[in-house]
Every structure is written in C-alpha cells, then in structure tokens.
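The values are calculated or read from the model by the stated rules, or taken from the named source; none is laboratory data. Everything numeric in this text was worked out from a predicted model, so none of it was measured. Here the Cβ positions follow ideal geometry from the backbone for every residue, glycine too, while neighbour counts run over all protein chains shown. Accessible surface areas use protein heavy atoms only, side chains included; no ligands, DNA or RNA. Shrake-Rupley method; radii C 1.70, N 1.55, O 1.52, S 1.80 Å.
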Amino acid sequence: DGLMLSYQKDFLQKLSGRINYKYLEIWNDKKFKNVPNQADKLKAVVKYDNNLYQLSINGKYNGKRYYDKDNNEKLGGYFLLGILAEKEISQNLTIYAKADNILSKRYEIIKNYPGERAKFILGCKYIF
C-alpha cells in the first residue's frame, strides 16, 4: 500500500518549483516475508531558468524507516540538500556542475552502510 503526490508550479516567468511526496508500506506477510517496511520520502526542487543557464536547489527528506524484516528496528530520518547549475552550449551539448549533500550530512541508507557525504561533479551531456 502506498501514496504518491506531486505538485508543480511556475511562480514567475523564470522560476518554478516541484514537490513530490511518497509513502510506501509493505506488509510483511507470506508474500513479502523478508522485506523491511519503507517510510516517507519528500523531495522539493526550485529551479531558475533565464534561457542562458539553469540553477536549481533540491532537498530530499527520507523519514524514519524499519531496517529489519520484523519491523522492530528503525533507522533515523535524514535531509539532504543539493544544487545544480547547467548551461546549454549548443542544441546537443550541455555543461553542468552539481553538488549533492552539500551539508555533508551523515546518514545510513541501510543499517551500518553510510550514505555518501558531500559530492561534487563537473560534467557535460551530449545528445547524439
């Protein structure tokens, strides 16, 4: 069972935003015997686009969730913040700089397996 909601809005001519919420609950019965239960996920993005470049900031929240198959042990929730800057060089080529988890938050996706700390990427996309 679950729920997914999404909303997108243009605030100004160059500014837009999007928010997504997801809740998923897996019942541990005979069919899904060894699957831990999932929790809330919320993602929000604010994007500025002036036709020369695009800047966006995004936040991701993962709520408390169970990590054991009996749903007795919980992992804490966490919030991650990221930014992205893109510039279209030509119709086929875009360059970008991206930073994920810019606050360098410590978190676990699975018990005893830490998530990535701050990560910075420079790159380009080419469409053939």
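Within the set of pairs 6+ apart or on separate chains, which have a first residue in region 1-20 that is closer than 14 Å to S56 by Cβ, a second that is open to solvent by 70 Å² or more (accessible area, probe 1.4 Å) and in a loop (DSSP other than H, G, I, E, B), and C-beta atoms under 9 Å apart?
K14/N51; G17/F11
From L55, L103, which residue is open to solvent by 70 Å² or more (accessible area, probe 1.4 Å), over 14 Å from the mean Cα position of the chain (by Cα) and under 23 Å from Y7 (Cα atoms)?
Every option except L55 fails the conditions.
Looking at region 101-128, I want the residues that are on the phi > 0 side of the Ramachandran plot and have a partner that is open to solvent by 80 Å² or more (accessible area, probe 1.4 Å) with Cβ atoms under 7 Å, at least 6 apart or on another chain. Which pairs are those?
Matching pairs, first to second residue: N101/E116; N101/R117; S104/R117.
Pull up region 82-100, narrow it to residues that are within 14 Å of the chain's Cα centre (by Cα) and of a type outside the set (G, A, S), then point me to the one that is farthest from S56 (Cα to Cα).
Here the residue is D100.
Does any residue in region 67-87 that is of a type in the set (F, W, Y) come within less than 8 Å, Cβ to Cβ, of a residue that is assigned to a strand (DSSP E or B) and open to solvent by 70 Å² or more (accessible area, probe 1.4 Å) six or more places away or on a different chain, and which pairs are these?
Within 8 Å, the pairs are Y67/K74; Y67/I110; Y78/Y61; F79/K60; F79/Y61.
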